[in-house]
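Asks: So that we are looking at the same thing, I have put the structure below in structure tokens.
Please treat every number below as a calculation from the coordinates, not as lab data. The structure displayed is predicted, hence computed values, not measured ones. So basically every Cβ, Gly included, is an ideal-geometry build from the backbone, and we count neighbours across all protein chains shown.
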Amino acid sequence: MAVGTLKSNAFGMIPDQVPNLSSRMYKGREASGQTWKTGAVLIRSSGRVAKASAGQTTNIIGVASGASVGTIDSETIAYLSTPDTVFTATLENQSTEDHALVVTDIFTAFGIHVDTPGNFYVNFNDTSTKSVCVVAPVNWADVDNAVLRARVKFIFLETTTAWSS
């Protein structure tokens, strides 16, 4: 069963450990016809900002600090996906749902995905379109107890960011 709506922790991606957060924020302009929620992964698009697709592996700017306005050139702010910015998200299995967090998930690269309402998450089932690396659980007890749909800390792979290409 594919993930239609995350069953828990459905609030997208948020920054976790960010040195000097204000200097890691980007102010840009929305591309045409955008709709995204807070915590959406954003990409560059002809000098503007657009919502990433599931499995995005290029041009990632960062994570939306607020919802889109939906009007071209509206101002938007994102937390930049720099190598020293750690984010948190739900680790879920897009194909079967209910992924249980285990220690081998740590320091593993996965893809990103988005549920039907627009919440982005780390997709345990996607190891072919990798864009993030899980670096730790939010709570180590979640590993010990194989918690379903646990929150994890991750970084974006440098090769997937807008400034790497």
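Asks: For the chain, what is the per residue volume of the convex hull drawn over the alpha-carbon atoms, in cubic angstrom?
Replies: Details: hull volume 16.1 nm³, N = 165.
Per-residue hull volume (Cα only) is 98 Å³.
Asks: Still on this structure: Taking 0.36 nm per residue of sequence separation and subtracting the Cα-Cα distance, how much length would be gained by fully extending the chain between residue 98 and residue 144, in nm to one decimal? Could the numbers behind the result be given before it?
Replies: Numbers: separation 46, 0.36 × 46 = 16.56 nm, distance 1.62 nm.
14.9 nm is the gain from fully extending residue 98 to residue 144.
Asks: I need 25, 13 ordered by Cβ neighbour count within 10 Å, fewest first. Walk me through the numbers before you get to the answer.
Replies: Working: 25 15, 13 26.
So the ranking, lowest neighbour count to highest, is 25, 13.
Asks: Then there is this: Hey, what number do you get for the chain at 222 nm if only DSSP H runs of n ≥ 4 count, each worth -39500 (n - 2.57), divided across all residues, to the nearest 500?
Replies: Values: 1 runs with 5 residues, N = 165.
That calculation yields -500 deg cm²/dmol at 222 nm.
Asks: Another one. Sort 27, 153 by Cβ crowding within 10 Å, fewest neighbours at the top.
Replies: Working: 27 10, 153 17.
Lowest count first: 27, 153.
Asks: Another one. Between residue 35 and residue 84, what FRET efficiency follows from the Cβ-Cβ distance if R0 is 35 Å, with the result rounded to 0.05? Walk me through the numbers on the way to the answer.
Replies: Details: r = 30 Å, r/R0 = 0.86.
Plugging the Cβ-Cβ distance into 1/(1 + (r/R0)^6) gives 0.70.
Asks: A further question follows. How do 91, 42 line up, fewest other C-beta atoms within 10 Å first? Please report the intermediate quantities before stating the final value.
Replies: Values: 91 28, 42 32.
Least to most surrounded, the residues fall as 91, 42.
Asks: Towards the positive end of the charge dipole of the chain, with charges on Cβ (+1 Lys, Arg; -1 Asp, Glu), say which of 58, 152, 113 has the farthest Cα.
Replies: Going by the charge dipole, the pick is 58.
Asks: Tell me whether the range 86-164 comes out rounded, prolate or oblate; compute the Cα gyration tensor, take square roots of the eigenvalues as a ≥ b ≥ c, and use a/c under 1.5 as the rounded threshold.
Replies: Details: a/c = 1.83, a/b = 1.31, b/c = 1.40.
Because a/c hits 1.5 or more and a/b fails to exceed b/c, the range 86-164 counts as oblate.
Asks: What dipole magnitude, in Debye to the nearest 20, does the range 14-80 give about its Cα centre under +1 on Lys/Arg Cβ and -1 on Asp/Glu Cβ?
Replies: Values: 7 positive and 4 negative charges, 17 e Å.
It comes to approximately 80 debye.
Asks: Still on this structure: Have a look at 102, 76, 89 and report the one farthest towards the positive end of the charge dipole of the chain, computed about the Cα centre with Cβ charges (Lys/Arg +1, Asp/Glu -1).
Replies: 76
Asks: May I ask you to derive the relative contact order of the range 14-80, considering only C-alpha pairs under 8 Å and at least 6 residues apart, and to give it as an integer percent?
Replies: Working: 140 pairs, mean separation 27.8, N = 67.
Computed value for the range 14-80: 42 percent relative contact order.
Asks: Still on this model: Placing +1 at every Lys and Arg Cβ and -1 at every Asp and Glu Cβ, with all other atoms neutral, what dipole size does the chain have around its Cα centre, in debye to the nearest 20? Provide the component values of the computation, followed by the final result.
Replies: Working: 12 positive and 14 negative charges, 91 e Å.
It works out to roughly 440 debye.
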